[in-house]
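A.B. asks: Following this message is one structure expressed as structure tokens.
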Amino acid sequence: MRELVRYVLIPALVGGLVGLAVVLAPGFSEPSPSKQGYAEAVKRAAPAVVNIYSSRVLTPPICQQPRFKEWCDRFSGNNAHHMQSALGSGVIIREDGYILTNNHVIAGADEILVAFHNGEATTARLVGSDQETDIAVIKVQATGLVPIPQGSSAAVEVGDLALAIGNPFGIGQTVSSGIISAKGRAGISPSPYDDFIQTDAAINPGNSGGALIDAEGNFIGLNTLIYSRSGGSAGIGFAIPSQLALSVLEEIIATGRVTRGWLGVELTSTPSPGNAVGLEITRVLPGGPANEAGLQAGDLLVAINSQPASDSSVVSRQIAHTSPGTDVTLEVLRDGIQVTLVAQSGERPQAPDQ
């Protein structure tokens, strides 16, 4: 009996008293599970995402004709003109006021208004734009700007978390979540330079020009467009990779525009059935660099600068990245015989409205 009291009852009583003392001690509380979510990532990135409102004055086409302009001004006055507005988002890239957005957000704008995360607002001026990638750079005169933390769009992988920040439908800054659904998407827009990140994070009208960030709040893409039959998010959104967007920004800041290499050829989009590489030249523009180098319609482009030619969008980007005046080595098959040609890259003509 003594052993029972000594080795069982007394230790149990002491343990109970100690436990009771701990529970009654001031400040004691049950441990709470760690907070889930991505609030810290949003706190890092959100101050660098702005709302953009653009407007322009539209004049009826008949009033743009010289013989009717005076009549419109005399009888219609200001009623002959009306305002068209657009909304979107932008990303502060540099503390000296440079902001990335989409070209379609500010295209043709007479006035651009930028509203910041803290509620302040100011006007912005257009530095330059690139229709081919749908990128525009605007600049504001403001102090205390916090640029968005930079990530690596090349390092993200399919399945990684992605957060989209923007101004959908003009209701104010909004965050949506998803994953990276795909990389290197091409053929989405009319541009030959498509290289989109696909995400299922909700992107709606007004999100254009906003930031796609990773789980740490780093900038990995510029939200640009969606696939949708309804006009709203259907879980298929596209963002321009941050590295491409930033390279366009730097060139626009330096020169006011983007300069691309050009050969003056048209290619089939993929190799013919049964061939791993080889894109047929369907057209050679007269007087273009490829024509001067001897390239002919019907030739099979096998490689460009020693890189296999297996996709026309990849080849287009290779050519675009060459500086005008640079030699481009082309390996082609002509009547079953391999021929090496060297073309001097020209400068791609600007789009008509640029």
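A.B. asks: Do the conditions hold for A254, that is, is it in a helix (DSSP H, G or I), modelled with pLDDT of 90 or more and under 30 Å from the mean Cα position of the chain (by Cα)?
C.D. replies: On the way: in a helix (DSSP H, G or I): yes; modelled with pLDDT of 90 or more: yes; under 30 Å from the mean Cα position of the chain (by Cα): yes.
Yes: the conditions hold for A254.
A.B. asks: Can you confirm whether S177 is surrounded by fewer than 19 Cβ atoms within 10 Å (Cβ to Cβ), hydroxyl-bearing (S, T, Y) and closer than 13 Å to G237 by Cβ?
C.D. replies: Numbers: surrounded by fewer than 19 Cβ atoms within 10 Å (Cβ to Cβ): yes; hydroxyl-bearing (S, T, Y): yes; closer than 13 Å to G237 by Cβ: yes.
Taking the combined requirement at face value, the residue satisfies it.
A.B. asks: Only residues in the stretch 269-293 that are assigned by TED's automatic domain parsing to the domain that holds V332 and more than 13 Å from V332 (Cα to Cα) count as the first member; pair them with residues that are of a type in the set (S, T, N, Q) and modelled with pLDDT of 90 or more, Cβ under 9 angstrom, at least 6 apart or cross-chain, and list the lot.
C.D. replies: Pairs found: V284/N291; V284/Q296; L285/N291; P289/Q344; P289/S345; E292/Q344.
A.B. asks: So, one more: Of the conditions (1) surrounded by 20 or more Cβ atoms within 10 Å (Cβ to Cβ); (2) modelled with pLDDT under 95; (3) in contact with a strand residue (DSSP E or B) (Cβ under 7 Å, 6 or more places away or on another chain), N204 clears all except one; give me its number.
C.D. replies: In the conditions (1) surrounded by 20 or more Cβ atoms within 10 Å (Cβ to Cβ); (2) modelled with pLDDT under 95; (3) in contact with a strand residue (DSSP E or B) (Cβ under 7 Å, 6 or more places away or on another chain), N204 misses (3) alone.
A.B. asks: Let me ask another. Where residues in the stretch 105-149 are among the β-branched types (V, I, T) and under 19 Å from T255 (Cα atoms), which of them is surrounded by the fewest Cβ atoms within 10 Å (Cβ to Cβ)? Even if it seems obvious, please write down each step before you answer.
C.D. replies: Within the stretch 105-149, the first condition is being among the β-branched types (V, I, T), and the residues that meet it are 105-106, 112, 114, 122-123, 127, 133, 135, 137-138, 140, 143, 146, 148.
Filter again for under 19 Å from T255 (Cα atoms), leaving 127, 133, 135, 137-138, 140.
Working: V127: 16, T133: 23, I135: 25, V137: 26, I138: 26, V140: 21.
Ranking the candidates gives V127 first.
A.B. asks: Quick one: would you say I319 is assigned by TED's automatic domain parsing to the domain that holds S208, closer than 24 Å to D134 by Cβ, touching a strand residue (DSSP E or B) at 6+ places or on another chain (Cβ under 9 Å) and of a type in the set (A, V, I, L, M, F, W, C)?
C.D. replies: On the way: assigned by TED's automatic domain parsing to the domain that holds S208: no; closer than 24 Å to D134 by Cβ: yes; touching a strand residue (DSSP E or B) at 6+ places or on another chain (Cβ under 9 Å): yes; of a type in the set (A, V, I, L, M, F, W, C): yes.
Taking the combined requirement at face value, the residue does not satisfy it.
A.B. asks: Which numbered condition in (1) under 11 Å from the mean Cα position of the chain (by Cα); (2) part of a loop (DSSP other than H, G, I, E, B); (3) not small (G, A, S) is the only one that N275 fails?
C.D. replies: Exception for N275: condition (1).
A.B. asks: In addition: Which residues, taken from the stretch 123-153, are more than 16 Å from V91 (Cβ to Cβ), among the β-branched types (V, I, T) and in a strand (DSSP E or B)?
C.D. replies: Selection gives T123 alone.
The values are calculated or read from the model by the stated rules, or taken from the named source; none is laboratory data. If you're wondering where the values come from, they're calculated on a predicted model, not measured in any experiment. Because the Cβ atoms are built from the backbone with ideal geometry, glycine has one as well, and the counts that use them run over all protein chains shown.
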